[in-house]
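Contents: one structure, followed by commentary.
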Amino acid sequence: MKKILIYLLPMMLLASCVDSLDDYNIDQKNPQAVPAGALFANATKVLVDNQTSPSVNVNVFRFFVQHWTTTTYTDEPQYDVFTRNIPLNYWAPFYREVLTDLKEARRLVEADEELTEGERNNAVAATEILSIYTWSVLVNTWGDVPYTEALDIQNGEPAYDDAATIYSDLLTRLDNAIGMITPSESIFGEYDLVYGDDAGAWLKFAHSLKLRLGITLADVDEATARAAIESSANQAFTSSADNAAFQYQGETPNNNPVSNNLNPLFTARQDYVAASTIVDVMNSLDDPRLPFYFTTVNGAYRGGMQGTTNQYSAFSHISEKVIAPDFEALLIDYSEVEFILAEAAARWGILGSPIEHYNRAVTASIEYWGGTTAQANAYLANPAVNYLTAPGDFREKIGTQKWLALYNRGYDAWVEWRRLDYPELEPAVGAISDIPVRFTYVTNEYTLNQANVEAAAAAIGGDEVTTKVFWDVR
């Protein structure tokens, strides 16, 4: 975010050179025009913050997948998403800021005659890639959502689109965006907070996102899923250096939101501890990532039980690495790409050996977190981890290891747990429902867009946290 300050400084200097008193009659805090790049940067940060935050008011997916649990307050680990209006708090930033800013950024880019054709196409493609990413999150979380009629300020009652139809359109849009990118041209310059103006990296990001969209459809549309994966497999991430990562800063307001909630530099609260579910699995496997995920209690890793009051001092805490103010957040990483390829190979016998992709996925995760290649090799030699001897079919083998690799990415782990059905998680103690497989529609929609949200609820089979989205058919 320091790059944005570079833009603001000359504007401040220019403000001191005025031609008339009228120049002072400007509200500096509410600009009438905002550069496309600033809108793109803001959309990026809001998207990443929404996905990364551990706030119980916004993002509770770490509880759903039983990576973390709480100490004093048990409502959210028991799946009460209603008291704090969590669905609305998660939904609103996507529509109000991320998608709206990206739409306006695209409009400004398309109208900017000073850009070269390559720069313009690249910038449009980047807004599309982040928009597609955001729409996929909305669909995966709710199912049918406002899409074709959304983002129109003149339409306060947008219709809801069929979720499967949205997914199909997202794949088409993504192919179009991929075709627009010229790797040698700029892509939002200093406002690119993910890859620092590297269009070639964005191209790999787009192909990796296409793999994710494709594998999500694997159980409901094999032909589309397989075609998407085969067409992008050789152009996606090839190492962790390609990861779509957002680098946070060490100071507010641009520090990692995890640190706001857990780091003593920013808070005195002691609300979160490791969940016994993940700690017990990692202990049983002698997982080398344990010290990078959690702290120890008297030399051992101990997790609290989901849904109960857990004494903060009695259980492992979230590691110093994760709560660091400048710890990066991931949108997609290389390990995830290799897990997708392993699953495609296991399902359809394509794109090489599932064992080789699985091994690369696990190794990439261990090395990303700070482990060594030797530790990864030893871990993969464990019969309970080794692809040939680990229990279950590909869903259990890949699902379990992917769940571990997606630690601290609660939303992504939640999607994969719903899709693969592994690991087998039991509802929390005192749970008010089964583990949620979607969020309910937001209260504002029932107030302001009642007819359309009620029609959507009926179309998906009921607006409940236990109603599955279209791709979750097992």
Keeping to the range 172-193, report how many residues are under 18 Å from the mean Cα position of the chain (by Cα) and open to solvent by less than 20 Å² (accessible area, probe 1.4 Å). 2
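Being in a loop (DSSP other than H, G, I, E, B) and of a type in the set (A, V, I, L, M, F, W, C), is that true of even one residue in the range 359-381?
Step one: list which residues in the range 359-381 are in a loop (DSSP other than H, G, I, E, B), which gives 370-372.
Applying the additional criterion that residues be of a type in the set (A, V, I, L, M, F, W, C) yields none.
Within the range 359-381, not a single residue is in a loop (DSSP other than H, G, I, E, B) and of a type in the set (A, V, I, L, M, F, W, C).
Would you confirm whether or not the range 307-314 contains a residue that is more than 24 Å from residue 431 (Cβ to Cβ), touching a strand residue (DSSP E or B) at 6+ places or on another chain (Cβ under 7 Å), touching a residue at least 12 places away in the same chain (Cβ under 8 Å) and of a type outside the set (Ser, Thr, Tyr)?
Applying the first criterion (more than 24 Å from residue 431 (Cβ to Cβ)) to the range 307-314 yields 313.
From the residues that got through so far, the ones that are touching a strand residue (DSSP E or B) at 6+ places or on another chain (Cβ under 7 Å) too are none.
No, there is no match, as no residue in the range 307-314 is more than 24 Å from residue 431 (Cβ to Cβ), touching a strand residue (DSSP E or B) at 6+ places or on another chain (Cβ under 7 Å), touching a residue at least 12 places away in the same chain (Cβ under 8 Å) and of a type outside the set (Ser, Thr, Tyr).
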Give, as residue ranges, the strands (runs of 3 or more DSSP E) completely inside the range 236-336 that count at least 2 residues that are in contact with a Leu (Cβ under 9 Å, 6 or more places away or on another chain). 244-246, 329-332
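Can you name the residue in the range 380-392 that is under 16 Å from residue 357 (Cβ atoms) and not small (Gly, Ala, Ser) and is also surrounded by the fewest Cβ atoms within 10 Å (Cβ to Cβ) among such residues?
Checking each candidate, the answer is 388.
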Consider only pairs whose beta carbons are under 7 Å apart and that are at least six residues apart or on different chains; among these, list those whose first residue lies in the range 252-272 and is aromatic (Phe, Trp, Tyr) and whose second residue is open to solvent by 30 Å² or more (accessible area, probe 1.4 Å) and modelled with pLDDT of 95 or more. 266/260
Residue check for residue 342: within 22 Å of residue 239 (Cβ to Cβ), in contact (Cβ under 8 Å) with a residue 60 or more places away in the chain and buried (at least 18 other Cβ atoms within 10 Å of the Cβ): no
Looking at this structure, is residue 115 at pLDDT 95 or above and in contact with a Leu (Cβ under 8 Å, 6 or more places away or on another chain)? no
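Give the residues of the range 459-474 that are open to solvent by 80 Å² or more (accessible area, probe 1.4 Å) and either of a type in the set (A, V, I, L, M) or at pLDDT 95 or above (or both), sorted by residue number.
First, the residues of the range 459-474 that are open to solvent by 80 Å² or more (accessible area, probe 1.4 Å): 464, 468, 473-474.
Answer for the range 459-474, where residues must be open to solvent by 80 Å² or more (accessible area, probe 1.4 Å) and either of a type in the set (A, V, I, L, M) or at pLDDT 95 or above (or both): 464, 468, 473.
Residue 346 - would you say it is of a type in the set (Gly, Ala, Ser), more than 22 Å from the chain's Cα centre (by Cα) and modelled with pLDDT of 95 or more? Working first, answer last.
On the way: of a type in the set (Gly, Ala, Ser): yes; more than 22 Å from the chain's Cα centre (by Cα): yes; modelled with pLDDT of 95 or more: yes.
When the stated conditions are applied, residue 346 passes them.
Considering each of 138, 130, 211 in turn, give the residue that is part of a helix (DSSP H, G or I), within 18 Å of the chain's Cα centre (by Cα) and closer than 21 Å to residue 449 by Cα.
Numbers: 130 fails: closer than 21 Å to residue 449 by Cα; 211 fails: closer than 21 Å to residue 449 by Cα.
Of the residues listed, the single one that is part of a helix (DSSP H, G or I), within 18 Å of the chain's Cα centre (by Cα) and closer than 21 Å to residue 449 by Cα is 138.
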Does any residue of the range 69-92 turn out to be open to solvent by 20 Å² or more (accessible area, probe 1.4 Å), of a type in the set (Ser, Thr, Tyr) and in a helix (DSSP H, G or I)? no
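The values are calculated or read from the model by the stated rules, or taken from the named source; none is laboratory data. Please read all numbers here as calculations on a predicted model, not as lab measurements. Virtual Cβ from ideal backbone geometry, glycine too; neighbours counted across all protein chains shown. Side chains are part of the model used for accessible areas, which takes the heavy atoms of the whole protein and leaves out ligands, DNA and RNA. Shrake-Rupley method; radii C 1.70, N 1.55, O 1.52, S 1.80 Å.
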